[in-house]
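Let me begin by presenting the structure, written as structure tokens, before commenting on it.
The values are calculated or read from the model by the stated rules, or taken from the named source; none is laboratory data. Values in this document were obtained by computation on a predicted structure and should not be read as measured data. Reconstructed Cβ throughout: ideal geometry from the backbone, glycine too, with neighbour counts over all protein chains shown. What goes into the accessible areas is simple: the full protein's heavy atoms, side chains included, and nothing from ligands, DNA or RNA. Shrake-Rupley method; radii C 1.70, N 1.55, O 1.52, S 1.80 Å.
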Amino acid sequence: MKKERLESLERQCREESAEPIVFGEGDGDAKLVLVGEAPGAKEIELGRPFVGQAGKNLDEFLEILGLKREDIYITNVVKIRPYKINEKTGRKSNRTPNKNEIEKYGKYMEEEIRTIQPKVVVTLGNVSLRAVLKDQKATIGKMHGKPIAYEGYYIFPLYHPASVIYNQELKKTYIEDLHKLKDFIKEHYLL
Ligand code: URA
């Protein structure tokens, strides 16, 4: 039932999009949904979310929580790769998704959550937090590591792992937050 609904959403999204998309994947009955920002080059190449460098970040996330990739549902707010072209080299590089992209594809992310009805939605970074919470003023710097009761589930905001790579202090906070999430899930019997 949920699986069919998710498949139909994916078809609809593919039809609506002129560019290749990466849709969410995983357990349609998952208690935990992870929402990233947008796929990068590797994700588009393989047609799957969180592979490549982002996949390594995901492995660390799963290891700390004691979960497997198949236990959760993984998606992004935006389903295409937002990129810009470097004028000198002609190469593509990632950019933050714009308002139109967030609105267009965010509808699908909302429907994925509505379909799955998880207990906890983990957001990664500002774009994801703002889109899931529907609050443009939300900021990850103030809200990370603290659960928010929202529409029948909890939102648990984390920094985006890609943003903490070159910042040891933030990396430490990110890992502490992951342990807080683990304790929260345990205390509330969420999984
Ligand atoms: N890859 C994804 O699929 N999502 C992100 O947010 C980052 C990398």
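Being open to solvent by 10 Å² or more (accessible area, probe 1.4 Å), part of a loop (DSSP other than H, G, I, E, B), more than 13 Å from the ligand (Cβ to nearest atom) and under 26 Å from L67 (Cα atoms) is the filter here, so list the residues in region 8-48 that pass it. Those that are open to solvent by 10 Å² or more (accessible area, probe 1.4 Å), part of a loop (DSSP other than H, G, I, E, B), more than 13 Å from the ligand (Cβ to nearest atom) and under 26 Å from L67 (Cα atoms): D27, G28, D29, K31. Residues that are surrounded by fewer than 15 Cβ atoms within 10 Å (Cβ to Cβ) number at least 1 in the following strands (runs of 3 or more DSSP E) confined to region 50-162: 83-85, 92-94, 148-150. Restricting region 163-191 to residues that are part of a loop (DSSP other than H, G, I, E, B) and more than 16 Å from the ligand (Cβ to nearest atom) leaves a set whose member that is most open to solvent (accessible area, probe 1.4 Å) is Y189.
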